[in-house]
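Enquirer: Have a look at the structure that comes next, please.
The values are calculated or read from the model by the stated rules, or taken from the named source; none is laboratory data. Bear in mind the structure is a predicted one, so any value in this text is a computation, not a measurement. Positions of Cβ are backbone-derived with ideal geometry, glycine not excepted, and every protein chain shown enters the neighbour counts.
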Amino acid sequence: MRYLILGSGPAGIAAAKGARTLDKDAEVVIATEEHAAPYLRPSLPDLVSGEREISGLANPQGKDLAERKIRVLWGKRARRLDAAKNRVFFSDGSEETYNFLCIATGGRPILPAALMGAPGSFLFLNSLGDALRVRERAMRSDTTVVYGPGYLGIEAARALRKIGNQVVWINPGLPRFGNPISGDVEARVVDQLRSKGVKTMEGTEIADVIDVDGRIYDVLTTGGGQVRCSLIVVATERLPGIGFLEGSGVKAGAGVLVSEYLGTNVSNIYAAGDCAEVYDINRRESRINFGWRSAIKQGQLAGENMAGGGKVYIKNTEDYFGLLYGASLPERVGE
Ligand SMILES: Cc1cc2nc3c(=O)[nH]c(=O)nc-3n(C[C@H](O)[C@H](O)[C@H](O)COP(=O)(O)OP(=O)(O)OC[C@H]3O[C@@H](n4cnc5c(N)ncnc54)[C@H](O)[C@@H]3O)c2cc1C
């Protein structure tokens, strides 16, 4: 028996361990586009702010993979799935077969259309590499624009202010896919950020970005505002990274559609974590349950169910974007 898991985030690792727990003799393989050992994505802003070193970002879930005979193939980005032949093709030209597949490829941040014409102006804050790039460039920047709603925008603004950047947070206030933080907490936290010198522009979009001299950019907003900066940090919502499933026959909406058992419409393919749109048997609706804790819970269940576990996923609101590492949001901004 061969279990193949795509993605080395919390859902992917938990799925590999779940399959191993119920199937001691199987081959369990994680294939991931990452080159870095598993890390704590929620702590990336702390790397930017200097509150944590890279060594403090290691995801403890990743420690005992070799011991559990879980093999990890690094630098493998899935680019196509042939579900009829149980085969995944990767961008480096290699391919892997499986008896059971778990898709745990998480999400990718949305890029606002206005930034597409100014590629040098912005950086994402989504991966370890992103965080290192943001820190490096922000250390040489004076003014940084943060673009993105809710928790991720707040965290990026907080971290950049901490290293002394002048920070302008453009909060588009987009409808959220995930569970928004409560309006009350968000208002308090934003007040705190303002008192620390973060300027905020609420309910407005980036309309255009003008490259002034290759290092300085003018950000124009739909509300008629203009901000001169040397860096834009894109801290937007993450949408499922599942483009490689196109033409595979695996059904997807915003995310991979899975039943309450986390199985897709293809009987030997499962999905878990931020890329999965899970059927909630209590609410009778499908939703993506973004969040670290939820990813671990789903991953474990999908892994076990691939190996015959037969358990139902019951959503618990506390699994939903809970703050796991470090302090709560109000504490983080120094309330
Ligand atoms: C800055 C930041 C702060 C956050 N803070 C919090 C927080 O405080 N609390 C919280 O609960 N959540 C937080 N989150 C969200 C949390 O990180 C995610 O919900 C969680 O990581 C989802 O886990 P996952 O395993 O589903 O996906 P991911 O962690 O995104 O892992 C997916 C993995 O798949 C890999 N991959 C993607 N596409 C492919 C492909 N085609 N082929 C192979 N590999 C691929 C990716 O490189 C990645 O390693 C934060 C996110 C960010 C970006």
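Enquirer: So, in segment 2-37, how many residues would count as being in a loop (DSSP other than H, G, I, E, B), in contact with a strand residue (DSSP E or B) (Cβ under 8 Å, 6 or more places away or on another chain) and farther than 20 Å from A276 by Cα?
Expert: So the count comes out to 3.
Enquirer: While we're on this one: Going by the conditions given, is I269 crowded, with 17+ Cβ neighbours inside 10 Å, away from the ligand (no atom under 14 Å from the Cβ) and on the phi < 0 side of the Ramachandran plot?
Expert: On the way: crowded, with 17+ Cβ neighbours inside 10 Å: yes; away from the ligand (no atom under 14 Å from the Cβ): yes; on the phi < 0 side of the Ramachandran plot: yes.
Criteria met by I269.
Enquirer: In segment 42-56, how many residues are small (G, A, S), more than 13 Å from the ligand (Cβ to nearest atom) and either crowded, with 19+ Cβ neighbours inside 10 Å or in a helix (DSSP H, G or I) (or both)?
Expert: Residues meeting the conditions: 2.
Enquirer: Continuing with this model, one more query. Taking segment 286-310, which residues are farther than 21 Å from T21 by Cα and more than 12 Å from the ligand (Cβ to nearest atom)?
Expert: Once the filter is applied, which keeps residues that are farther than 21 Å from T21 by Cα and more than 12 Å from the ligand (Cβ to nearest atom), segment 286-310 yields S286, R287.
Enquirer: Of all residues in segment 57-76, how many are part of a strand (DSSP E or B) and free of Cβ contacts under 8 Å to residues at least 60 places away in the same chain?
Expert: If we filter segment 57-76 for residues that are part of a strand (DSSP E or B), which is where we start, we get 58, 70-73.
With free of Cβ contacts under 8 Å to residues at least 60 places away in the same chain added as a condition, the list becomes 58, 70-71, 73.
Matching residues across segment 57-76 total 4.
Enquirer: Filter segment 86-116 down to residues that are without any contact (Cβ under 8 Å) to a residue 12 or more places away in the chain and over 15 Å from L245 (Cβ atoms) and give me whichever is surrounded by the most Cβ atoms within 10 Å (Cβ to Cβ). Before you say what the answer is, go through the steps one by one.
Expert: Of all residues in segment 86-116, those without any contact (Cβ under 8 Å) to a residue 12 or more places away in the chain come to 87, 89, 93, 95, 113, 116.
From the residues that got through so far, the ones that are over 15 Å from L245 (Cβ atoms) too are 93, 95, 113, 116.
Numbers: G93: 7, E95: 14, A113: 11, M116: 10.
Among them, the one singled out is E95.
Enquirer: Restricting to segment 238-266, and then to whatever is aliphatic (A, V, I, L, M) and under 23 Å from G309 (Cβ atoms), can you tell me which residue is surrounded by the most Cβ atoms within 10 Å (Cβ to Cβ)?
Expert: Taking segment 238-266 as the starting set, the residues that turn out to be aliphatic (A, V, I, L, M) are 239, 242, 245, 250, 252, 254, 256-258, 262, 266.
Filter once more, so that each one left must be under 23 Å from G309 (Cβ atoms): 250, 256-258, 262, 266.
Numbers: V250: 21, V256: 27, L257: 17, V258: 28, L262: 30, V266: 16.
Per the stated criteria, the residue is L262.
Enquirer: Of the conditions (1) over 26 Å from S259 (Cβ atoms); (2) out of contact with any helix residue (DSSP H, G or I) (no Cβ under 6 Å at 6 or more places or on another chain), R68 satisfies every one except a single condition; which number is it?
Expert: Evaluating R68 over (1) over 26 Å from S259 (Cβ atoms); (2) out of contact with any helix residue (DSSP H, G or I) (no Cβ under 6 Å at 6 or more places or on another chain) leaves (2) as the failure.
Enquirer: What helices (runs of 4 or more DSSP H) lie completely within segment 117-230 and have 2 or more residues being surrounded by fewer than 19 Cβ atoms within 10 Å (Cβ to Cβ) and either at pLDDT below 95 or in the same structural domain as L57 (by TED's automatic domain parsing) (or both)? Break it down into steps so the answer makes sense when it comes.
Expert: On the way: elements: 128-139, 150-162, 183-195.
Counting at least 2 such residues, we get 183-195.
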